[in-house]
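The values are calculated or read from the model by the stated rules, or taken from the named source; none is laboratory data. In this text the structure is predicted, and so the values were computed from the model without any measurement. Every residue, glycine among them, receives a Cβ derived from its backbone with ideal geometry; neighbour counts consider all protein chains shown.
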Amino acid sequence: MKNLFLTALCIAGFSTSLFAQSGSGFGIKAGLNYGGNGDYFRSAADNFENPDQNIGYHIGIYGKLGNQLYFRPELMYTKTKSEYDSGEFDMQKLDMPLLVGLKVLGPLHVFAGPSLQYILDTDFDNLTVDYVENDFSVGLNFGIGLNLKRLGIDLRYERGFSDNEATFIDNNNLISMDRLDTRPEQLILSLSYRL
């Protein structure tokens with residue numbers, strides 16, 4: 001009798017789990033980023049420059065577990081560009097948002113969660129990147145999305161949490177060391193397709 005009860009409980013739990021995860025799956029995504037990195041501190045001039053916002057892109061994969069309440073991990077290659085008076089700062093990184101979402105009305109959903117970021121490469125015009133404080137940093141994503149069958153669209157805001165600076169040496173062999181805040185602040189528009 002005890003074994004029968006445990007078996008029935010396991011079957012009920014498994015069925016409930018399958019029903020709750022009816023929206024589960026995985027897919028591909030890509031889109032545009034609009035934003036920039038932080039301030040550029042010029043030690044020689046003893047001042048700083050704010051970045052001009054610019055357009056970048058991302059492409060990657062995602063998974064989804066759950067339906068009404070869901071967990072959505074993503075892995076994306078992201079390229080961003082920030083323009084300063086001194087030049088352009090290009091950054092390539094891997095982003096891994098770990099999002100928790102909730103369906104609020106029909107195909108509309110909201111989500112939020114941390115984003116783990118790993119810097120692959122950085123480049124600044126006319127300057128040599130001497131040192132990036134942390135290749136790995138943490139940020140925050142939150143946004144709103146719309147799912148239409150297999151196709152999805154979402155708009156999110158991303159902001160880096162961790163202080164993370166890159167230092168540069170002037171290629172003209174000057175002794176000054178310039179610093180740039182590499183934390184992103186951007187709006188991200190994505191299209192996704194569930195496979």
Point to revise | Selected residue (criterion: modelled with the lowest pLDDT) from residues of the stretch 97-154 that are among the charged types (D, E, K, R) and in a loop (DSSP other than H, G, I, E, B) | key: GLU133
Revision key, fill the gap. Expected output for the stretch 82-111 (first residue over 29 Å from GLY63 (Cβ atoms), partner in a strand (DSSP E or B) and of a type in the set (Phe, Trp, Tyr), Cβ below 6 Å, 6+ apart or cross-chain) is SER82/PHE89; TYR84/TYR40; GLY87/PHE124; PHE89/PHE124
Study note, to complete from the structure: Of the residues in the stretch 50-66, those that are at pLDDT 95 or above and of a type in the set (Gly, Ala, Ser) come to GLY60, GLY63
Exercise for review: Filter the stretch 163-195 down to residues that are farther than 16 Å from THR78 by Cβ, of a type outside the set (Val, Ile, Thr) and not in a strand (DSSP E or B) and give me whichever is modelled with the highest pLDDT.
Suggested key: LEU195
